[in-house]
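Okay, structure first, notes after.
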Amino acid sequence: MVFLGPRRLPRSRTLLLRQRRQEHEIVDELETLAIERLKALFGSEHANVQSYSGSPANQAVYRALLSPRDKVMGLRLPEGGHLTHGWSVNFSGTDYQRVPYGLHEKTQQIDYDRLRETARRERPKLIWVGGTAYPRIFDFAAMAEIASEAKSYLVADIAHISGLIVAGAHPNPVAHCDVVTSTSHKSIRGPRGGFILSKNEDRYQALYHPTSKHNLARRIDRAVFPQLQGGPHMNTIAALAVALQEAASTSFRIYGHQIVRNAKALAEALLDRGYDLVTGGTDNHMLILDLRDRTTRSAKSMRMTSMPRALPSTPGRSKVSRRRRAR
Ligand SMILES: Cc1ncc(COP(=O)(O)O)c(C=O)c1O
């Protein structure tokens, strides 16, 4: 083994180190820029931009907040939730106790009353709000009330709606939640990646993390690196910083609102033509068509013109869409 002090390094090595230090100054600056832009856009106290994507961001949340086998509540995947919110085959369903919640049979929207009852009974340590296929506005304030009653962390996964939130076309969960995660490649129009927003302090530190030296923000950062990941993807973080600047523009606000108007217009047109929509319409950029009673051919052609994704199970037919159909 050879030990070389800094003065004894060959010139080529010192040059390389100096160059590395300069590179780090630039990447640190870029990362800080992305972080500050995120904090300003969403009004959050803390931001981490290193997660490689949405699922790793959610995994970091589990590491930062929970211990294995803790209870987690999330919207069931077939009803619009995400794999990482406690689905059986995912780490979140195998390493944690899952307590899924679902949709109201008639409205096909989140059943907040049933959710409250389940949270009171089960006392999960974490409740997810957010999903992959949910076309309605999430009631973050109601979820926050339920989470506080059950002494649960409330985490919003805004992977699909982060762009709409920035545009002001969907309520912002940041004030209501302990942590918020997102992908950066969907409606916020950035590179394939993820980010995590959080409060600095953990309101349940004394209850759930009494021996930890670290506050919530620090635990999130440590969960991402070094607990789950290695070096940051600086190319992605640089692209995110650019996307966030675009997202802060007036044109992005107009664009976000226009997306919702377009989706609503399409929903109206489809309903008028006799199609069924899960929940009877949309508040965001998603439409979920219920094609179960259509012929295979029409179902196939609809799939060709849309993004195939997990459809929520539709326990009963939507009263709203049936009414529209009769018109
Ligand atoms: C709600 C939600 N969260 C997280 C993710 C995971 O994102 P990724 O595919 O980047 O891991 C997705 C993916 O679509 C999602 O819909």
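Some observations on this one:
- Entry note, region 12-247: relative contact order of 25 percent, from Cα contacts under 8 Å with a spacing of 6+ residues.
- Taking other residues whose beta carbon is less than 13 angstrom from the beta carbon of residue 50, and scoring Lys, Arg as +1 and Asp, Glu as -1, yields -2.
- Listed from fewest to most Cβ neighbours within 10 Å, the set 246, 25 follows the order 25, 246.
- Taking a Cβ cut-off of under 13 Å around residue 35, the surrounding Lys, Arg, Asp and Glu residues balance to a net charge of -4, with basic ones at +1 and acidic ones at -1.
- Cut-off 9 Å between beta-carbons: net charge of the residues surrounding residue 63, Lys and Arg +1, Asp and Glu -1: +2
Read-outs throughout are calculated quantities, based only on the coordinates presented, and are distinct from any laboratory measurement. Worth saying up front: this structure is predicted, and the values here are computed from it rather than measured. Virtual Cβ from ideal backbone geometry, glycine too; neighbours counted across all protein chains shown.
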